[in-house]
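Peer 1: What follows is a single structure, and I will ask about it in a moment.
The values are calculated or read from the model by the stated rules, or taken from the named source; none is laboratory data. Note that the structure is predicted; figures quoted are calculated from it, not measured. Note that we place each Cβ from the backbone using ideal geometry, even for glycine, and neighbour counts take in every protein chain shown. Surface accessibility is based on the protein's heavy atoms, side chains included, excluding ligands, DNA and RNA. Shrake-Rupley method; radii C 1.70, N 1.55, O 1.52, S 1.80 Å.
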Amino acid sequence: MVGVEWLRKRGGGADWPRVLLVALAATVLLAVGVAAATSTTSFGPYNPGWDGSSDLRSQIQAEPGVEAELLRDTAGYEGIEPEGTVAFVAAPDEPYTGEDAERLRSFVENGGTLVVLENFGEGGNTVLAAVGADARFHGDLLRDEQNHFRGPPMPIADNVTDHELTDGVTQLTLNYATAVEPGEATVLVRTSDVTYLGSEETELAEVEELDAYPVATSENASAGTVVAVGDPSITINSMLAEPDNAAFVSGLYEDADRVVLDVSHVGDVPPLAAAILTLRDSPFLQVVVGFGAIGAVAVLSGRRLPTNRLRRTRAGRARDLERAEPGRELSTADRAAYLRKRYPDWDDDRIERVTAAVERAERRGPDGPGTEPTRGSDEHDQ
């Protein structure tokens, strides 16, 4: 292979400067590729870190019979059939207003299921208000000094209502969650009855009331359903596998035909993923890229070997023929017979072309056209 030969010295052994150059280039390309394909956005579906939700995206994509879709713009809702679709909105950085709010409302009114996950930001409440839901996120931190995972700010909510959306769920393991004020919504999951609302600095002695607070609700809104969860962290990579977060999340979409991850108001999609999504959404670009790929293959397949490499190849074949039977002049038929044996996959036309090329190379000789090659010359000894 030409690439491997390039990494070797003329006298044998590795050409270490070139090897190191290739290794450096490969490392840079790998780093650029990872940066282009991943994100650091919290709760982002392309973030493989502890605070990302790439595992959830993989879980949804692996679900049989469920089509996964990523929306970078709420205009995408207009091309989706709401019935049979579950859309997730997790901790939006910006409020949904204007056309964005109208598109979400239309999605729910026409039978879609919207799951809103929020803890301390106001983005979640603007979504709930936009679609006409009663539930609201409280905004203060839930703490439980007795029933927790790794500390009071990580309560274990094990008061689970018997509901179709909680089938197989016995608890949620929370991480810096807030309560959900249900209004007329049905409460799906509550904390233990010794939980309180405050901040990280709040001491239990300062608390006037302990209670079991709702952390997940469900309600009908027009023809659709709105689920509010007071902790987007149940979807992140470091918490999804904790009891029974994955079961609860998957139960929200197990009967759906399509799952939408709405990232229109949360950070940026990595460049490579954005390019793929843009290509998928544009038939024109698909045609352009398709024809470009076909053209590139055609150009590459039509490339000719450089002249000096071709000459070396012909000279090498001439030496192969001579080594086959040293001391005997080979006829055209002998050469053809040898090539057929050496290269059984070659057709007759190619055999004839190579035989003629080898004979022309021999007639030219090492000193140029019109000279005969000399036995024992450098070209034959190499």
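Each row is one residue, and each column tells you yes or no for (1) more than 26 Å from the chain's Cα centre (by Cα); (2) assigned to a loop (DSSP other than H, G, I, E, B); (3) surrounded by fewer than 16 Cβ atoms within 10 Å (Cβ to Cβ); (4) not hydrophobic (A, V, I, L, M, F, W, C).
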{"site": "TYR77", "(1), (2), (3), (4)": "no, no, no, yes"}
{"site": "ALA87", "(1), (2), (3), (4)": "no, no, no, no"}
{"site": "PRO92", "(1), (2), (3), (4)": "no, yes, no, yes"}
{"site": "PRO95", "(1), (2), (3), (4)": "yes, yes, no, yes"}
{"site": "ARG105", "(1), (2), (3), (4)": "yes, no, no, yes"}
{"site": "ASN119", "(1), (2), (3), (4)": "yes, yes, no, yes"}
{"site": "ALA133", "(1), (2), (3), (4)": "yes, yes, no, no"}
{"site": "GLY168", "(1), (2), (3), (4)": "yes, yes, yes, yes"}
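Peer 1: Moving on to the next point. Just to be sure before I move on: is TYR196 farther than 22 Å from THR85 by Cα, free of Cβ contacts under 8 Å to residues at least 60 places away in the same chain and outside any loop (DSSP other than H, G, I, E, B) in the structure I sent?
Peer 2: So TYR196 passes the test.
Peer 1: Let me ask something else. LEU172: within 25 Å of ASP255 (Cβ to Cβ), hydrophobic (A, V, I, L, M, F, W, C) and open to solvent by 20 Å² or more (accessible area, probe 1.4 Å), yes or no?
Peer 2: no
Peer 1: Between GLY183, GLY251, GLY230, GLY224, which is within 23 Å of GLY112 (Cβ to Cβ), open to solvent by 30 Å² or more (accessible area, probe 1.4 Å) and modelled with pLDDT of 95 or more?
Peer 2: The conditions single out GLY183.
Peer 1: Can you pull out every residue in region 22-54 that is surrounded by fewer than 19 Cβ atoms within 10 Å (Cβ to Cβ) and modelled with pLDDT of 80 or more?
Peer 2: Those that are surrounded by fewer than 19 Cβ atoms within 10 Å (Cβ to Cβ) and modelled with pLDDT of 80 or more: PRO48, GLY49, TRP50, ASP51, SER54.
Peer 1: Which residues, counting only those in region 233-248, are touching a strand residue (DSSP E or B) at 6+ places or on another chain (Cβ under 8 Å) and open to solvent by less than 10 Å² (accessible area, probe 1.4 Å)?
Peer 2: Once the filter is applied, which keeps residues that are touching a strand residue (DSSP E or B) at 6+ places or on another chain (Cβ under 8 Å) and open to solvent by less than 10 Å² (accessible area, probe 1.4 Å), region 233-248 yields ILE234, THR235, MET239, ASN245, PHE248.
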